[in-house]
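The values are calculated or read from the model by the stated rules, or taken from the named source; none is laboratory data. Since the model is a prediction, treat every value here as computed from it, not as a measurement. All Cβ positions, glycine included, derive from the backbone under ideal geometry; neighbour counts span all protein chains shown. Keep in mind that these areas ignore ligands, DNA and RNA; they rest on the heavy atoms of the full protein, side chains included. Shrake-Rupley method; radii C 1.70, N 1.55, O 1.52, S 1.80 Å.
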Amino acid sequence: MITLRKLQANRKNARASTGPKSAAGKARSARNSRRHGLAMPIWSDCSLGADAKALAHEIAGTSAELLAFALRIAEAQIDLVRVRRARRDMIEPGLSPYSSYVPRKRTSPPEELALVLSDVAPQLEAMDRYERRAISRRKAAIRAFEAALRRIASRP
Amino acid sequence: VPGEDASANEHLRAIVTNTVKPIDCVEAILTRDFVDEEWEILRYRRVTANLIKTAKAKALADALRQVTCQDISVDDRAPEELASRWTKGDQDAIEKVRTLLDSSELTEDAIIAQAVSLKLDDIERLDRMVMTKEVRRDNALHEIERHRANFGARPRRAAEQVEEADFCVIEESPAGEKGAA
């Protein structure tokens with residue numbers, strides 16, 4: 001059994017330890033467990049969403065009927081581009097002149113790339129599932145797009 | 001990626017695009033996929049070769065440590081130093097290494113094998129990544145072919161529609177009449 005004084009002190013301390021108070025602090029701590037953000041839908045990023053819409057319009061052309069199908073292809077494609085960009089971002093820091101990844105004086109640039117890539121290869125391999133999913137979604141979206149196209153073309 | 005030849009990438013892209021000649025946006029996406037996968041396959045193969053190259057010095061140093069030869073100078077007894085000079089193509093070091101390896105009935109192939117064994121886990125992982133990429137590259141090509149086959153049906157359908165349509169016969173206008181259509 002703890003004393004009343006200790007209980008009050010505990011409660012007071014607990015109230016002071018409930019994480020960041022400011023909006024910026026909350027935003028920062030919300031990203032504490034974020035690793036690459038590849039599990040998030042592309043629509044959570046305004047610029048990626050805009051890219052997907054632009055690509056969808058390019059795929060659908062002038063057909064409003066095809067736009068929804070084209071949007072599915074575009075979404076998967078932009079997701080794929082995002083995964084590939086994340087993979088490149090994982091390799092590049094190791095090749096920066098300020099990196100301490102590899103003993104620079106003893107290796108040529110291709111050897112540096114080999115050492116850096118072999119170092120991050122386990123993470124790259126783990127990241128592969130996002131790429132596999134995006135490709136699979138794009139494949140299904142292309143099939144649906146083609147089916148819609150055939151339906152439109154077969155109309156009298 | 002830094003350290004890679006951007007012009008070689010552009011060249012590969014141009015060759016594939018000129019060969020495939022994508023007819024629409026979907027084909028352009030799939031063609032780009034094919035190029036990206038092929039480029040990554042080439043990257044991983046280069047990386048595997050360079051990884052073995054980086055391990056060769058250590059493999060040689062390990063082998064030299066086990067070799068005893070009274071004829072070499074004191075400086076050259078440092079195996080790392082000799083191995084490093086050997087990998088850089090120093091003729092003197094190459095000769096000395098050859099003598100040392102001959103004396104213990106070792107060949108350069110044995111050093112390469114040792115280098116591979118030092119990096120076996122990494123090489124196996126890269127190999128798996130190459131295999132995945134190869135499958136995806138082939139799938140991209142397959143998808144282009146399939147998509148083109150579907151689109152080939154569309155112009156055919158359009159052609160059929162044109163053939164089935166009713167035509168009105170336009171009579172030939174009298175010769176010399178001005179403004180004839």
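Checked against the criteria, A:Ala50 does not count as part of a helix (DSSP H, G or I), over 30 Å from A:Asp128 (Cα atoms) and either small (Gly, Ala, Ser) or open to solvent by 100 Å² or more (accessible area, probe 1.4 Å) (or both).
In the set A:Glu146, A:Glu65, only one residue is open to solvent by 30 Å² or more (accessible area, probe 1.4 Å), modelled with pLDDT of 85 or more, assigned to a helix (DSSP H, G or I) and more than 17 Å from B:Pro2 (Cα to Cα); that residue is A:Glu65. Across region B:5-25, the number of residues qualifying as closer than 16 Å to B:Arg146 by Cα and outside any loop (DSSP other than H, G, I, E, B) comes to 2.
Residues that are closer than 30 Å to B:Leu141 by Cα, outside any helix (DSSP H, G or I) and within 12 Å of chain A (Cβ to nearest Cβ) do not occur anywhere in region B:32-46. If the condition is being without any contact (Cβ under 8 Å) to a residue 24 or more places away in the chain, surrounded by 12 or more Cβ atoms within 10 Å (Cβ to Cβ), of a type in the set (D, E, K, R) and assigned to a helix (DSSP H, G or I), then region B:84-101 contributes B:Arg85, B:Arg98. When region B:26-47 is filtered for residues that are within 14 Å of the chain's Cα centre (by Cα) and open to solvent by less than 30 Å² (accessible area, probe 1.4 Å), the ones remaining, listed by number, are B:Asp33, B:Val35, B:Asp36, B:Glu37, B:Trp39, B:Glu40, B:Ile41, B:Arg43, B:Tyr44, B:Val47. Among residues of region B:41-54 that are over 19 Å from A:Glu125 (Cβ atoms), those with a beta-carbon under 7 Å from a residue that is charged (D, E, K, R) and not in a helix (DSSP H, G or I) at least six positions away or on a different chain give the pairs B:Ile52/B:Lys119. Within region A:107-118, none of the residues are part of a helix (DSSP H, G or I), more than 7 Å from every other protein chain (Cβ to nearest Cβ) and of a type outside the set (A, V, I, L, M). Of the listed requirements (1) open to solvent by 90 Å² or more (accessible area, probe 1.4 Å); (2) modelled with pLDDT of 80 or more; (3) out of contact with any helix residue (DSSP H, G or I) (no Cβ under 8 Å at 6 or more places or on another chain), B:Arg128 misses just one: (3).
Screening A:Pro109 against (1) surrounded by 13 or more Cβ atoms within 10 Å (Cβ to Cβ); (2) at pLDDT 80 or above leaves a single unmet condition, (2).
Quick check on my filter: what residues within region A:137-156 are more than 10 Å from chain B (Cβ to nearest Cβ) and over 29 Å from the mean Cα position of the chain (by Cα)? Listed by number, the residues that qualify are A:Ala148, A:Arg151, A:Arg155.
Confirm whether A:Val83 is more than 10 Å from chain B (Cβ to nearest Cβ), open to solvent by less than 40 Å² (accessible area, probe 1.4 Å) and either in a loop (DSSP other than H, G, I, E, B) or at pLDDT below 90 (or both). So A:Val83 fails the test.
For A:Ala76, the requirement of being modelled with pLDDT of 90 or more and within 14 Å of another protein chain (Cβ to nearest Cβ) is met.
For region A:42-55, the count of residues that are under 14 Å from the mean Cα position of the chain (by Cα), within 11 Å of another protein chain (Cβ to nearest Cβ) and modelled with pLDDT of 90 or more is zero.
The residue of region A:121-136 that is farthest from B:Lys119 (Cα to Cα), among those that are at the interface with chain B (Cβ under 10 Å from one of its Cβ atoms) and free of Cβ contacts under 8 Å to residues at least 40 places away in the same chain, is A:Arg132.
For (1) modelled with pLDDT under 75; (2) within 14 Å of chain A (Cβ to nearest Cβ); (3) more than 30 Å from A:Arg150 (Cα to Cα), each residue gets a yes or a no:
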residue	(1), (2), (3)
B:Ala57	no, yes, yes
B:Pro79	no, no, yes
B:Ala113	no, no, yes
B:Phe151	yes, yes, no
B:Val162	yes, yes, no
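Among the residues of region B:1-26, those that are within 10 Å of another protein chain (Cβ to nearest Cβ) and within 30 Å of A:Leu66 (Cα to Cα) comprise B:Asp24, B:Cys25, B:Val26.
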